[in-house]
Amino acid sequence: MLAQAANPATETAAIAVGGVPLSPIPAWGVIPFAVLLAAIAVLPLIHRTARWWESNRNKFLVSIACGIAALGAILSVHGGRAAGDAAGHAAAEFVPFMVLLGSLYVISGGILVSGNLRGSPQVNAAILAFGAVAANFLGTTGASMLLIRPLLRANAGRAHRVHLVVFFIFLVSNVGGLLLPIGDPPLFLGYLRGVPFRWTLSLWAEWAVASSVLLVVFFFLDAHLVRKEGGQPEPLEAPADPLQPVVRIAGGVNVVWLAGVILAAAVLVPGRELRGFAVPVGAREVMMLACAALSLATTPRGLREENRFTWGPILEVAALFGGLFLAMQPALELLVERGNQLGITTPTAFFWSTGVLSSFLDNAPTYLVFADVARAVTPQDAAGVPFSGGVIDPALLAAVSCGAVFMGANTYIGNGPNLMVSAIAREDGVRMPTFFGYMLWSCGILVPLFAVLTWLFFA
């Protein structure tokens with residue numbers, strides 16, 4: 001994702017708005033969040049609840065009930081004002097998150113990539129490789145929304161498509177966005193706290209190893225499945241004219257609106273000075289919504305239908321993440337309150353601690369918590385990377401950055417684009433794995449890769 005939460009007013013994970021400290025929250029305050037995770041993982045597996053869970057209305061009811069219960073935990077300890085502040089903090093993150101995600105979803109739905117694309121291992125690997133690079137400039141959300149439909153169209157006739165979407169989430173929706181601050185929200189928040197814009201380029205080796213290994217594994221798996229299916233798939237559209245371009249793009253005007261959203265995310269940071277004027281709160285979201293509205297108005301009639309655009313995936317994300325942002329507030333504050341007591345001092349510990357928690361919590365505030373811990377254990381008279389008025393050991397900041405970005409791929413809820421891509425794929429007829437089924441993929445492929453990265457870079 002681009003920096004959907006990049007608001008200086010909300011860039012810390014601590015829930016202490018209006019001067020009301022909310023620590024310490026009791027450990028049982030995380031139970032509603034755990035219950036919501038269990039519902040997402042288990043309800044689709046139970047015969048009696050699977051059909052019921054397909055309704056976005058029911059997802060919303062369960063999600064918001066867990067979110068309200070989490071606020072109840074804060075209310076019981078600190079009172080009504082603190083619970084209201086926590087709800088405000090969640091809203092201040094959720095609204096920009098959904099505006100960004102929704103705008104990119106609407107705009108990308110107006111870009112139709114067609115032609116005689118054939119879903120061969122070479123073509124599929126090329127799309128993933130391009131997406132891994134594009135994620136640094138478009139953000140993981142922008143690249144994901146732009147490329148998932150062309151990938152699905154190129155492989156429309158394939159019998160095996162689950163692995164395509166899983167590796168797309170790994171590479172385009174997560175790992176690819178490591179090299180620039182606009183690639184993923186944690187890195188953008190680090191930039192706002194003083195990390196130099198070009199510092200993330202120093203992580204090129206970690207990015208290159210992770211991306212290359214995933215591409216190689218994908219290529220051989222895809223080639224094996226193509227052979228199993230009986231040979232190379234036919235192009236989706238056979239060219240009538242040999243001079244006809246392999247790829248055709250309709251709705252090109254949406255590229256302008258896509259650029260507008262990316263520009264708004266990168267430049268219109270609330271409170272930032274632009275030509276002597278402070279950017280007001282909400283200006284970024286207004287520009288994004290305007291770009292989405294212009295996309296709806298200027299896209300040729302019928303193009304979205306041809307692109308199989310529906311509102312279901314974005315509504316599913318809104319239904320689940322609305323409660324998740326509320327329910328995670330006690331868990332995030334426990335991290336803020338007790339982070340310095342965790343005894344984490346080495347790059348290995350920072351990489352895995354940041355990563356595991358980023359798999360289930362919002363990776364942006366998780367990054368900030370562990371970056372603050374890393375700053376606390378770095379001698380302030382040492383040479384380091386600037387951060388919040390101090391410095392961080394570059395090795396520790398690299399571990400925190402890679403953990404937050406890479407391990408967001410471990411679950412469907414680790415990063416916003418994950419669930420969106422999965423929902424789009426399901427609407428296209430791909431039988432996506434369950435929550436636990438997806439984690440079997442991530443544990444089987446990503447965890448060994450992360451172990452190798454630990455040995456190469458963080459040991």
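FYI, it's all coordinate maths here, none of it is from the lab. In this text, all values refer to a predicted model and were calculated from it rather than measured experimentally. In this analysis, Cβ positions are derived from the backbone assuming ideal geometry, glycine residues included, and neighbour counts consider all displayed protein chains.
In segment 343-425, one over the average inverse separation of all distinct C-alpha pairs is 13.0 Å, which is the Kirkwood hydrodynamic radius. Here is the tail figure for segment 115-154: Cα pairs spaced more than 17 Å apart come to 25 percent of all pairs. Compared with the alpha-carbon gap, the fully stretched path from ALA34 to ARG81 is longer by 14.5 nm at 0.36 nm per residue. Couplings for segment 201-206, taken from phi via the Karplus curve 6.51 cos²θ - 1.76 cosθ + 1.60 with θ = phi - 60°, read 5, 5, 8, 4, 5, 4 Hz in order; Gly and Pro are left as x. Each of CYS443, CYS66 was scored by other Cβ atoms within 10 Å of its Cβ. Listed from fewest to most, they are CYS443, CYS66.
Each residue, ARG272 and GLU427, gets one label point 7 Å from its Cα in the Cβ direction; the gap between the two is 3.0 nm. Taking 7 Å steps out from each Cα toward its Cβ at SER55 and ALA126 produces label points 4.7 nm apart. Listed from fewest to most Cβ neighbours within 10 Å, the set ILE46, ILE25, ILE31 follows the order ILE46, ILE31, ILE25. Available extension along the chain between ALA376 and ALA205 is 58.9 nm, counting 0.36 nm per residue and deducting the alpha carbon span.
Modelled this way, with points 7 Å down the Cα-to-C-beta line, the labels at LEU294 and CYS443 are 4.8 nm from one another. Estimated purely from DSSP H runs of n ≥ 4, each contributing -39500 (n - 2.57), the mean residue ellipticity at 222 nm for the chain is -19500 deg cm²/dmol once divided by its residues. Extension gain, THR346-PHE137: 0.36 nm per intervening residue step, less the Cα-Cα distance, totals 72.2 nm. From least to most packed, judged by other beta carbons within 10 angstrom and beginning with the fewest, LYS59, LYS228 follow the order LYS228, LYS59. Above 28 Å, the calculated P(r) of the chain contains 50 percent of its Cα-Cα pairs. Qualifying trypsin sites (Lys or Arg not before Pro) in segment 275-340, where qualification requires a DSSP coil assignment and no more than 15 other C-beta atoms within 10 Å, comprise ARG275, ARG301, ARG308.
For the pair segment 41-107 / segment 377-399, the C-alpha centres are spaced 35 Å from each other. Distance from the Cα centroid of segment 141-161 to that of segment 423-459 is 17 Å (rounded to whole angstrom).
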